[in-house]
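Contents: one structure, followed by commentary.
The values are calculated or read from the model by the stated rules, or taken from the named source; none is laboratory data. Values in this document were obtained by computation on a predicted structure and should not be read as measured data. Counting neighbours? That spans all protein chains shown, and the Cβs are built from the backbone with ideal geometry, glycine included.
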Amino acid sequence: MSRPAPTPKQNFLQTALIMIVVFLGMRLFLGSNTPSAVEYSFQPGVKKELKSSEEVLEAIKDVSRRVESADPLNRIDPSEITRNLLPAYQRFLEEDVTKKKYEQKYANGLKYQAMIIAADAELRGGIVANNTGLIRQAYNSLEKIDRTNGQTPAWVTPFELPTGEKITGHELFTKLISTLSDRNKTDLIWGAIPGGFAFIDFLVKMTGAVPGFSYAFAGFLLAIVVRSIVFPLAQKQIMSSRQMSQLMPRIKEIKEKYADNQVEMNTKTMELYKEYGINPFSGCVPALIQLPLFLTVYQCMIHYQFEFTKGHFLWINEASSRATHGFLGANLGQQDYILVFIYGVSMCVTSLLTPVSDPTQVKQQRLMGIGMSLMFTVMMFTGMFPVVSGFVLYWIFTNLLATAQSLRAYRLPLPPLVKVNTPSGGVYPSGSKKASQGRWAQMMDQARQVAEEKANQAQQQQSQPGKKPLDPPNDGGTGTSAKHKPKKRN
C-alpha cells in the first residue's frame with residue numbers, strides 16, 4: 001500500500017530538520033576542534049601526547065621553525081597550527097585561568113602571541129608554496145583582533161618569533177595586507193581566469209575613484225552587469241513558474257483524488273505537466289547556472305579587497321568605526337554589521353519573490369529560502385563566511401534588481417496554457433496548421449470547432465428523435481472526432 005501524502009505540518013518539520021542538519025554540518029565542517037589533549041610529532045614517526053599549554057606552545061613554535069625547511073620530511077604544513085594546535089592551546093589556557101595558574105589578562109596575551117606565531121608561519125608557508133589562500137587564512141585570523149583590540153598592549157608590544165624576528169601583531173597584520181595586495185593584482189580567479197582585479201578596478205575608475213562615491217557605485221555597476229547576464233535565465237524561470245501556477249486547480253484535484261496514493265498522485269501530476277509541455281524542474285537550471293557566476297564575482301571582489309579600503313559609504317568610515325570600537329566598518333574593505341543586516345532583509349524579500357520549482361511545495365520552498373538567507377547572514381556575522389562591505393553592498397544591489405525584475409515579471413500578461421501532447425502520448429505535428437498558429441489563434445480555432453461539433457450533434461438528434469444523445473468526443477480537447485468532421489468554411 002502506498003504511503004499517504006505528507007501533511008503541511010510534516011512538510012514544516014522536514015524543512016526544519018533539513019535546516020538544522022545543514023547548520024550543524026556547516027558547524028562541523030568550519031568549526032574548530034578543541035580536544036583536552038592533542039598528539040604532535042616533534043620527530044618524523046614519533047608522536048607525543050601534549051597535555052599542557054606549555055607543551056602545546058612548544059609544538060606551535062616547532063611548526064613555525066619547520067614550515068620553510070629544505071628537507072621535505074622535516075617540513076610541516078602551517079595549517080597544522082590553526083587546525084589542531086591553536087584550538088588545543090586556547091583550551092589549555094582557559095583551564096589554566098580556571099585553576100588560577102594565570103590571570104585572564106596574561107592568558108589573553110599568550111593567546112595573541114600564539115596567534116601571531118601561527119599567522120607568521122602561514123605567511124611564510126604560503127609564500128614558499130605559492131598559496132595565496134594560506135596567506136589569506138592568516139589575514140582572516142588577525143583581522144578582527146586588529147580591528148577591535150588594536151590598542152591592547154599584547155598586540156602592540158614586540159616579541160620574538162621562533163625565527164628570531166621581533167614583531168608586533170599590528171606590524172604582522174600590515175605585512176599580510178601588503179603581501180596579499182600585491183598578489184591579488186596578478187592572481188588568477190580559480191587559478192585560470194585572468195583580470196578579476198582589473199575588472200573591478202575599471203568599474204571604480206569609471207567615475208574617477210572618488211573615495212565617497214566610486215567604490216560603492218562600482219558595486220552597483222557590477223550588479224547591473226551581472227543581472228544583465230542572468231536576466232534572460234531569471235525571466236524564463238519566473239515565467240515558467242507562473243505557467244505552472246495555472247495548473248494548480250488541476251493539480252489540487254489530483255491531490256484530493258489520490259490523497260491516499262502518493263505514487264499515483266505523482267504519476268498523474270507528471271502526466272499533466274507532460275500534456276502541457278511543462279518541465280517542473282526547468283526553474284532549477286537557471287539557478288545552477290547563476291551559482292558559478294556568483295562565486296566568480298565573490299572571488300573578484302576578494303581580490304580587490306584592499307583597494308576597497310580606500311572607499312567609504314554613508315556610515316562606513318573611520319570616525320564611526322572608532323566611535324563604535326570597530327563594530328561599524330572603517331571602510332568598504334572591512335565587514336560592517338549593519339550592512340550585513342540590511343543584506344539579510346533584502347535576501348529574505350528576494351527569496352519570497354523568487355519563483356519556486358514546484359507550485360505544490362510553495363510554503364516549504366519559501367521557508368527553505370528564508371532559512372538559507374538567515375544562515376548566510378549568521379555566518380557573515382560570526383565570521384564563518386568572511387566578506388568585505390564592498391561585496392555585501394554589491395549583493396544588496398543585486399537583490400534589489402532581482403526584486404524589481406520579479407515584480408515586473410509578475411505584472412506581465414501571461415498567455416494561456418496550450419496542450420502540446422495528445423492524451424495517448426503523441427505530439428501535435430510541428431508542421432500542422434495547429435502548430436503553426438499562435439496560441440490565441442489556436443484557442444479561437446478550438447472554440448469554433450467545438451461549437452460546430454455541438455451544432456452537428458444537435459442536428460443529428462433532431463433527425464433521429466428515438467436515438468440516445470451522442471457521447472462527447474474524446475480527442476484531447478480539440479473538439480473534433482473521427483466520425484464527425486467540422487464543415488470547412490469557404
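Tabulated values for the structure
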| quantity | calculated |
| --- | --- |
| Verdict on Leu142 being in contact with a helix residue (DSSP H, G or I) (Cβ under 6 Å, 6 or more places away or on another chain), within 18 Å of Ser321 (Cβ to Cβ) and either crowded, with 18+ Cβ neighbours inside 10 Å or not hydroxyl-bearing (Ser, Thr, Tyr) (or both) | yes |
| Test for Tyr102: is it part of a helix (DSSP H, G or I) and without any contact (Cβ under 8 Å) to a residue 12 or more places away in the chain | no |
| Residue satisfying condition, being outside the structural domain of Glu143 (by TED's automatic domain parsing), out of contact with any Cys (no Cβ under 7 Å at 6 or more places or on another chain), modelled with pLDDT of 85 or more and surrounded by fewer than 15 Cβ atoms within 10 Å (Cβ to Cβ), within set Leu288, Leu314, Leu293 | Leu314 |
| Number of the exception - Thr267 against (1) among the hydroxyl-bearing types (Ser, Thr, Tyr); (2) surrounded by 15 or more Cβ atoms within 10 Å (Cβ to Cβ); (3) more than 25 Å from the chain's Cα centre (by Cα); (4) at pLDDT below 85 | (2) |
| Matching entry among Tyr258, Tyr276 (being modelled with pLDDT of 80 or more and surrounded by 12 or more Cβ atoms within 10 Å (Cβ to Cβ)) | Tyr258 |
| Condition broken by Pro355, with the remaining ones in (1) buried (at least 19 other Cβ atoms within 10 Å of the Cβ); (2) in a helix (DSSP H, G or I); (3) at pLDDT below 75 satisfied | (2) |
| From Phe231, Phe173, residue being modelled with pLDDT of 80 or more and either closer than 30 Å to Lys61 by Cα or buried (at least 17 other Cβ atoms within 10 Å of the Cβ) (or both) | Phe173 |
| Selected residue (criterion: farthest from Thr296 (Cα to Cα)) from residues of the range 204-218 that are part of a helix (DSSP H, G or I) and touching a residue at least 40 places away in the same chain (Cβ under 8 Å) | Ser214 |
| Matching residues, the range 200-210, being surrounded by 15 or more Cβ atoms within 10 Å (Cβ to Cβ) and out of contact with any Ser or Thr (no Cβ under 9 Å at 6 or more places or on another chain) | Ile200, Asp201, Ala209 |
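Each row is one residue, and each column tells you yes or no for (1) over 30 Å from His303 (Cα atoms); (2) in the same structural domain as Leu393 (by TED's automatic domain parsing).
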site	(1), (2)
Ala192	no, no
Phe202	no, no
Phe220	no, yes
Arg227	no, yes
Phe231	no, yes
Gln243	yes, yes
Met248	yes, yes
Glu256	yes, yes
